Amino acid sequence: MTATPAKAPEPAAPPAPGPGPTSRPAKTPHGHRRLLTRRDRITLGLMAGVPTILHVTLVWLTALASIALAFTTWDGIGFGSIKWVGLQNFRELFTSNPQFWPAVEHNVIWFVVLILLPTPFGLFLAVQLDKKIRFSRVYQTAFFLPVVMSLAVIGFVWQLIYNPDTGLINSLIGANKPGHYIDWIGDPDLNLWAVLVAASWRHAGYMMILYLAGLKGVDPALREASALDGASEWQTFKNVIFPTLRPTNTVVLVVTIIEALRAFDLVFVFNKGAQGTELLSILVTNNIIGESSRIGYGSAIAVVLLVISLAVIIPYLIATFRKERRA
């Protein structure tokens, strides 16, 4: 009896085309969901829009208005009293104003003193604090404290120090007795230098922080290589460290020029810019909001101050942008 071979099972027939009862339509991809709600967009719009509007209104529009008013005469009472005079304000400023050139001279003296005295002293402080001496944080806070204080407060403090009767300086040198007073604020030969001492006290702390930030960015390998070559501490600083501070020196120079041009608070607190302490900023204030109310003439002085500032700032910005493009 022979066995019959088993037959292989036949493959199942493929399902008939067409949607079955369990088939589901394919999902179409949707775009990204919005992460910000309408309330969030309104909030962000207000946060970005309000400061922008205030900045444009209070800075740019007022600056442009000041430039336009420099070519007019206006007493500030009604816009109908504005009269176009062209360059008359500038001609009068450069030829007839007895306070203009002394004010320019005082601004130049302000810059020279700041760049020669407190700036090197601030660099010296930064170098010493960069050595990680004990209580360096305390010293940094003590020297930087005048920078965060209001200039008006600094002016009031130094007024007490310069007081002829009870001031610290006259008390120490014995000049607080009748007939021996030294009027540091009222004497035209002394008051500018007295104000500069107060300004230098604050500026030294500012320069210390700038140079300290620059020193933190110096590669320690440069110091080690210099020490291996047998260089002294002074030689290392002069030949290795100081050349690497060139970007910081540029910032320091620009900041010092701006500080000299915008000097106002200390002088105004001391004696309102009278009797030998005239500055360009004081002349602007006296002509615009003073009794004369010569807004056009005061705007002309402000334009001169603006041009001097831009002559310093624009080359700095150009050099900075070129450096970033090369990098």
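Things worth noting here:
- Considering the conditions (1) out of contact with any strand residue (DSSP E or B) (no Cβ under 6 Å at 6 or more places or on another chain); (2) over 25 Å from Phe111 (Cβ atoms); (3) open to solvent by less than 60 Å² (accessible area, probe 1.4 Å); (4) in a helix (DSSP H, G or I), Ser293 is excluded by exactly one of them, (4).
- Residue in the stretch 134-155 that is free of Cβ contacts under 8 Å to residues at least 24 places away in the same chain, surrounded by 13 or more Cβ atoms within 10 Å (Cβ to Cβ) and touching a helix residue (DSSP H, G or I) at 6+ places or on another chain (Cβ under 8 Å) present: yes
- Scanning the stretch 168-181 for residues that are open to solvent by 50 Å² or more (accessible area, probe 1.4 Å) and either without any contact (Cβ under 8 Å) to a residue 12 or more places away in the chain or within 22 Å of His106 (Cβ to Cβ) (or both) turns up Leu168, Ser171, Leu172, Ile173, Lys177, Pro178, Gly179, His180.
- The stretch 156-167 - residue that is part of a helix (DSSP H, G or I) and not aromatic (Phe, Trp, Tyr) and, of those, most open to solvent (accessible area, probe 1.4 Å): Leu160
- Hits in the stretch 120-133 (condition: aliphatic (A, V, I, L, M) and surrounded by 12 or more Cβ atoms within 10 Å (Cβ to Cβ)): Leu123, Leu125, Ala126, Val127, Leu129
- Selected residue [farther than 18 Å from Val108 by Cα and in contact (Cβ under 8 Å) with a residue 24 or more places away in the chain] from Val267, Val251, Val303: Val251
- Any hit, the stretch 252-264, residues being open to solvent by 10 Å² or more (accessible area, probe 1.4 Å), at pLDDT 90 or above, more than 20 Å from Ile209 (Cβ to Cβ) and not β-branched (Val, Ile, Thr): yes
- The set of residues in the stretch 186-198 being open to solvent by 10 Å² or more (accessible area, probe 1.4 Å) and closer than 18 Å to Phe121 by Cβ consists of Trp193, Val197.
- Number of the condition not met by Leu114 [criteria: (1) under 27 Å from Leu253 (Cβ atoms); (2) open to solvent by 50 Å² or more (accessible area, probe 1.4 Å)]: (2)
- Of the listed requirements (1) in a helix (DSSP H, G or I); (2) open to solvent by 90 Å² or more (accessible area, probe 1.4 Å), Leu35 misses just one: (1).
- Unique match (being over 21 Å from Gln275 (Cα atoms) and within 24 Å of the chain's Cα centre (by Cα)) among Thr166, Thr141, Thr236: Thr141
- Subset of the stretch 91-111 [open to solvent by 30 Å² or more (accessible area, probe 1.4 Å), part of a helix (DSSP H, G or I) and either touching a residue at least 24 places away in the same chain (Cβ under 8 Å) or closer than 30 Å to Met208 by Cβ (or both)]: Glu92, Pro102, Val104, Glu105, Val108, Ile109, Phe111
- Flag if Pro120 is under 21 Å from Leu215 (Cα atoms) and without any contact (Cβ under 8 Å) to a residue 12 or more places away in the chain: yes
- Flag if Gly273 is over 21 Å from the mean Cα position of the chain (by Cα) and in a helix (DSSP H, G or I): no
- For the stretch 217-240, the set of residues classified as open to solvent by less than 60 Å² (accessible area, probe 1.4 Å), of a type in the set (A, V, I, L, M, F, W, C) and without any contact (Cβ under 8 Å) to a residue 60 or more places away in the chain consists of Val218, Ala221, Ala225, Ala231, Val240, listed by residue number.
- Looking only at residues in the stretch 241-251 that are of a type in the set (A, V, I, L, M, F, W, C) and open to solvent by 40 Å² or more (accessible area, probe 1.4 Å), the one that is farthest from the chain's Cα centre (by Cα) is Phe242.
The values are calculated or read from the model by the stated rules, or taken from the named source; none is laboratory data. Computed from a predicted model, the values in this text were never measured in an experiment. Please note: Cβ atoms are built from the backbone with ideal geometry, for glycine as well, and neighbour counts cover all protein chains shown. Side chains are part of the model used for accessible areas, which takes the heavy atoms of the whole protein and leaves out ligands, DNA and RNA. Shrake-Rupley method; radii C 1.70, N 1.55, O 1.52, S 1.80 Å.
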